[in-house]
Amino acid sequence: MDFALNEEQELFLEMVRKLARNEVAALAERVDREHRFPRETIQKMGELGLLGLTIPEAYGGSGGEYLSYVLMIEELAKVCASTAVIVAVHTGLACASIARFGSDVQREKYLTRLVTGEMIGAYALTEPNAGSDAASLALMAADEGDHWRLNGSKVFITNASEAGLFVTFVRTEPASRGAKGITCLIVERDTPGLTISKPVEKMGLHGSVTCELHFENALVPKANVLGDSGQGFTVAMQLLDGGRIAIAAQGLGIAAGAFDYALRYIKQREQFGRPIAANQGIQWLAADRATEIDAARLLVYRAAWLKTTGRPHGKEAAMAKKYATDTAMRVTSDCVQLLGGYGYTREYPVERYMRDAKVTQIYEGTNQVQQMVIARHLLR
Ligand code: CAA
């Protein structure tokens with residue numbers, strides 16, 4: 001067992017830290033305040049080959065391992081959680097789905113543009129009445145020979161207003177129920193009959209756009225089926241097994257970023273004639289939160305290592321996602337407390353971390369869904 005990163009991983013981490021510090025952190029406050037998609041960062045990451053980090057070189061990607069990708073999401077989230085989720089959905093769900101399940105033609109047509117950032121990808125699974133119960137999705141695709149005719153809606157779609165394509169889950173067998181009869185399709189943005197709503201207003205993650213998609217007689221060619229027809233639910237779940245590790249890394253980064261800030265603050269802030277860090281109550285709180293961040297990191301890296309080495313990782317991804325994102329919420333809330341009245345103002349960044357942390361307990365499967373997944377693995 002080796003807990004150290006190898007030389008290549010250390011060098012990669014150094015490069016990503018530089019990018020996070022010099023480019024991403026510099027924009028983070030504006031991205032939040034102005035609800036602004038960080039296009040320049042995403043473009044830069046495309047130029048550096050980071051958007052296709054885990055995509056095989058044969059498909060234009062950088063051929064990196066999953067653990068490096070997770071380290072990158074953690075570093076981005078330490079300074080800007082919006083940037084982290086934009087990349088997690090683009091690379092970990094959209095690019096990964098086409099790399100893994102796409103045909104050579106689909107990879108050539110779409111993946112080559114996704115990995116450079118020329119095109120942004122989104123992942124459309126959730127519907128107004130199909131959230132945790134994803135298998136109850138009802139976006140209908142009627143068979144019309146060489147294409148599908150789509151009618152229905154998707155909600156809470158990350159990256160939607162910026163996206164060039166949507167990896168979309170639809171019901172292609174009208175009489176089917178539950179997980180059967182679902183198919184995964186690549187839907188292009190300019191498909192007639194597809195409308196994208198304005199971004200919804202959220203508590204946090206203001207730089208990440210979240211929209212509804214409405215399909216009204218939208219025609220999608222059969223050539224755009226991703227994976228096997230009728231097997232879309234399994235595709236969705238397999239992608240989420242990996243996606244949840246990235247969200248766990250996002251939670252970890254949010255927690256670590258807020259905690260680093262608060263740690264510096266408590267050493268400097270003086271009350272009653274000494275730094276507030278001199279109080280045992282504050283020391284014990286800091287010790288407990290630091291221990292939880294470390295435990296989260298071990299769970300996240302273990303899940304990433306399992307995926308990197310091709311081992312089953314569904315249960316471990318769910319454990320990492322639940323623990324790391326619950327840690328993010330607890331840590332960021334405590335960081336606001338440590339900064340007192342200042343922590344509650346927009347003059348200091350910790351309230352942003354706290355707002356951003358909340359959704360990590362909700363998306364890519366609520367933490368209650370993660371408990372279901374873990375329990376099912378245990379009771380199998
Ligand atoms: N890998 C492969 N196959 C899987 C699987 C996995 N991890 N999980 C389930 N399956 C297969 C099962 O084997 C089963 O297939 P068979 O019928 O052939 O045996 C089929 O899928 C149905 O499985 P279940 O009976 O377990 O399905 P279920 O209806 O009980 O649902 C669930 C399980 C875990 C609750 C699932 O619905 C779920 O994950 N819900 C949460 C949805 C979610 O995570 N949404 C995230 C949206 S994306 C997002 O949030 C991105 C963003 O913006 C940041």
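The values are calculated or read from the model by the stated rules, or taken from the named source; none is laboratory data. None of the values given here were measured: they were computed from a predicted structure. Here the Cβ positions follow ideal geometry from the backbone for every residue, glycine too, while neighbour counts run over all protein chains shown. Note: areas computed on protein heavy atoms with side chains; ligands, DNA, RNA excluded. Shrake-Rupley method; radii C 1.70, N 1.55, O 1.52, S 1.80 Å.
Points worth noting:
- Number of residues in segment 267-305 that are over 16 Å from Gly251 (Cβ atoms) and not β-branched (Val, Ile, Thr) equals 21.
- Within segment 276-321, the set of residues being under 26 Å from Gly365 (Cβ atoms) and either in a loop (DSSP other than H, G, I, E, B) or among the hydroxyl-bearing types (Ser, Thr, Tyr) (or both) comprises Thr291, Tyr301, Thr308, Thr309, Gly310, Arg311, Pro312, His313.
- Any chance Phe101 is hydrophobic (A, V, I, L, M, F, W, C), within 9 Å of the ligand (Cβ to nearest atom) and either under 20 Å from Val220 (Cα atoms) or buried (at least 17 other Cβ atoms within 10 Å of the Cβ) (or both): no
- Among the residues listed as Gly117, Gly121, the single one being on the phi > 0 side of the Ramachandran plot and modelled with pLDDT of 95 or more: Gly117
- Screening the candidates Arg311, Arg330 for the property of being open to solvent by 70 Å² or more (accessible area, probe 1.4 Å) and closer than 28 Å to Arg30 by Cβ yields one hit, Arg330.
- Across segment 112-133, the number of residues qualifying as aliphatic (A, V, I, L, M) and surrounded by fewer than 24 Cβ atoms within 10 Å (Cβ to Cβ) comes to 2.
- Conditions (1) surrounded by fewer than 22 Cβ atoms within 10 Å (Cβ to Cβ); (2) more than 24 Å from Leu93 (Cα to Cα); (3) away from the ligand (no atom under 16 Å from the Cβ); (4) not β-branched (Val, Ile, Thr): number failed by Cys335: (1)
- Ala255 buried (at least 23 other Cβ atoms within 10 Å of the Cβ) and more than 16 Å from the ligand (Cβ to nearest atom): yes
- Ala303 being of a type in the set (A, V, I, L, M, F, W, C) and away from the ligand (no atom under 14 Å from the Cβ): no
- In the set (1) open to solvent by 20 Å² or more (accessible area, probe 1.4 Å); (2) at pLDDT 95 or above; (3) out of contact with any Gly (no Cβ under 9 Å at 6 or more places or on another chain), the condition left unmet by Arg177 is number (2).
- Test set (1) open to solvent by 20 Å² or more (accessible area, probe 1.4 Å); (2) within 11 Å of the ligand (Cβ to nearest atom) - Ala96 fails condition number: (2)
- Considering segment 105-190, the qualifying strands (runs of 3 or more DSSP E), each wholly inside and each with 3 or more residues that are within 11 Å of the ligand (Cβ to nearest atom), under 29 Å from Ala81 (Cα atoms) and not charged (D, E, K, R), run over 120-124, 147-158.
- Failed condition for Met72, given (1) within 14 Å of the ligand (Cβ to nearest atom); (2) buried (at least 24 other Cβ atoms within 10 Å of the Cβ): (1)
- Among (1) touching a Pro at 6+ places or on another chain (Cβ under 7 Å); (2) in contact (Cβ under 8 Å) with a residue 12 or more places away in the chain - the single one Lys267 does not satisfy: (2)
- When segment 350-379 is filtered for residues that are away from the ligand (no atom under 12 Å from the Cβ), surrounded by 21 or more Cβ atoms within 10 Å (Cβ to Cβ) and of a type outside the set (Lys, Arg), the ones remaining, listed by number, are Val350, Glu351, Tyr353, Met354, Asp356, Ala357.
- Odd one out for Cys211, checked against (1) part of a helix (DSSP H, G or I); (2) hydrophobic (A, V, I, L, M, F, W, C); (3) open to solvent by less than 50 Å² (accessible area, probe 1.4 Å): (1)
- Each residue in segment 44-70 was checked for being within 19 Å of the chain's Cα centre (by Cα) and free of Cβ contacts under 8 Å to residues at least 24 places away in the same chain, and 0 of them qualify.
The rows are residues; the columns are (1) in contact (Cβ under 8 Å) with a residue 60 or more places away in the chain; (2) under 26 Å from the mean Cα position of the chain (by Cα).
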residue	(1), (2)
Asp146	yes, no
Arg149	yes, no
Glu173	no, no
Arg177	no, no
Glu212	no, yes
Phe215	yes, yes
Ala218	yes, no
